[in-house]
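The structure appears below as structure tokens.
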Amino acid sequence: MSVDASVVNVDGPWEHRFVAANGARFHVAEMGDGPLVLMLHGFPQFWYAWRHQMRALAAAGYRVAAMDLRGFGGSDKPPRGYDTYTATLDAASVIRALGEKDAVVMGQGLGGWIAWCMPVLRPDVTRAIASLSMAHPRVMRHATWTNGAQREASRWIVGLQKPFVPEREMARSHGYVAGLLHEWSSPFGQFPTKEDIARYGDGMMIPFVAHSAAEHYRWLGRSSVRPDGPMFMRRIKHAVRVPVLQLQGTDDRCVLPEATYGSGAWVPGDYHHVKVPGAGHFLTEEAPEAVGTALLDWLRTLP
């Protein structure tokens, strides 16, 4: 099956554009006017995961930009640059390339990991953060090491460390993506539909995406046994000095709810932890209205 990057140019009220930032080209879906909100997707998705919240926030007076992360969707897929340092610089550079001095950064899953790191690594462009389905990286690392259930839930990352095998599986059919979408979502909800599986399955079959997507997690795995891993954890040990909203689905089977507690210890100021009942890992699509309401209620409290 032949798939190209055009599959991510989904029609809708948004505008598709390409932004040159940090030495690469990033695909961004944008709509609305007002303060900028930058949205970062998770694995195995692309910008489209934020479509419901884009409509809600744009209607409420915000400029929303949902970007494809490096290596995903319509963004560039260079051979290097899949560490978290580069991911935060990518986001910061996109904010500046969009003509804004700062933004509220929202992320889900992998995007949530990046969002947590923005106030520490790129504080000059980060006004506030919202993290969905992801604990603070130090809390997440501790839970993976000490919580047997979370360690088991994170075993898929170990599978991605194998060279070539995972990307061949992801590029061959929709089966790998379908498995993750079903496994991590609530068993009592309506997500994913056949359309969701086809959309994200196609997105992972774009040339080089499967390899590049895996590289984000390979850096996390490799760095844990190299000097750059402990150095990274020391860097993000600093307090998060911007407002933080953390949303967590009660049925998340990728990042277990009990593994996310304690993130507030890294936020000495404005911090809110909100549970989303009956939703799994893919909050923006499993509970679009509840997530949209929570995000808007929180955004209106920001200075």
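The values are calculated or read from the model by the stated rules, or taken from the named source; none is laboratory data. Please read all numbers here as calculations on a predicted model, not as lab measurements. No Cβ is skipped: glycine too gets one built from the backbone with ideal geometry, and neighbour counts run over all protein chains shown. Accessible surface areas use protein heavy atoms only, side chains included; no ligands, DNA or RNA. Shrake-Rupley method; radii C 1.70, N 1.55, O 1.52, S 1.80 Å.
A few remarks follow.
- Looking only at residues of the range 251-263 that are out of contact with any Lys or Arg (no Cβ under 8 Å at 6 or more places or on another chain) and not in a loop (DSSP other than H, G, I, E, B), we find that the one that is modelled with the lowest pLDDT is Ala259.
- Which numbered condition Ala65 misses (of (1) in contact with a Phe, Trp or Tyr (Cβ under 8 Å, 6 or more places away or on another chain); (2) surrounded by 23 or more Cβ atoms within 10 Å (Cβ to Cβ); (3) without any contact (Cβ under 8 Å) to a residue 60 or more places away in the chain; (4) within 20 Å of Ser93 (Cα to Cα)): (1)
- Test: residue in the range 218-233 that is more than 30 Å from Ser263 (Cα to Cα) and within 21 Å of the chain's Cα centre (by Cα): no
- Selection within the range 173-216 - in contact with a Lys or Arg (Cβ under 6 Å, 6 or more places away or on another chain) and within 21 Å of Arg70 (Cα to Cα): Phe208, Ser212
- Residue within the range 32-42 that is surrounded by fewer than 24 Cβ atoms within 10 Å (Cβ to Cβ), modelled with pLDDT of 95 or more and farther than 17 Å from Trp298 by Cα present: yes
- Any chance Tyr200 is hydroxyl-bearing (Ser, Thr, Tyr), open to solvent by 10 Å² or more (accessible area, probe 1.4 Å) and either touching a residue at least 12 places away in the same chain (Cβ under 8 Å) or part of a helix (DSSP H, G or I) (or both): no
- None of Ala214, Ala239, Ala265 is of a type outside the set (S, T, N, Q) and open to solvent by less than 10 Å² (accessible area, probe 1.4 Å) except Ala214.
- If the condition is being of a type outside the set (Ser, Thr, Tyr) and under 10 Å from the mean Cα position of the chain (by Cα), then the range 106-138 contributes Met106, Gly107, Gln108, Gly109, Leu110, Gly111, Gly112, Trp113, Ile114, Ala115, Leu132, Met134.
- Scan of the range 68-92 for residues that are open to solvent by 20 Å² or more (accessible area, probe 1.4 Å) and part of a helix (DSSP H, G or I), ordered by number: Tyr85, Thr86, Leu89
- In the range 93-120, the residue that is farthest from Val19 (Cα to Cα) out of those that are touching a Lys or Arg at 6+ places or on another chain (Cβ under 7 Å) and open to solvent by less than 10 Å² (accessible area, probe 1.4 Å) is Val104.
- Enumeration of residues in the range 51-65 that are within 19 Å of the chain's Cα centre (by Cα) and not in a helix (DSSP H, G or I): Arg63, Val64, Ala65
- Filter result for Leu256 (open to solvent by 10 Å² or more (accessible area, probe 1.4 Å), touching a helix residue (DSSP H, G or I) at 6+ places or on another chain (Cβ under 7 Å) and not β-branched (Val, Ile, Thr)): yes
- Residues (outside any loop (DSSP other than H, G, I, E, B), of a type in the set (S, T, N, Q) and more than 17 Å from the chain's Cα centre (by Cα)) located in the range 264-303: Thr293
- Residue count for the range 49-102 satisfying the condition of being among the acidic types (Asp, Glu) and under 24 Å from Met205 (Cα atoms): 4.
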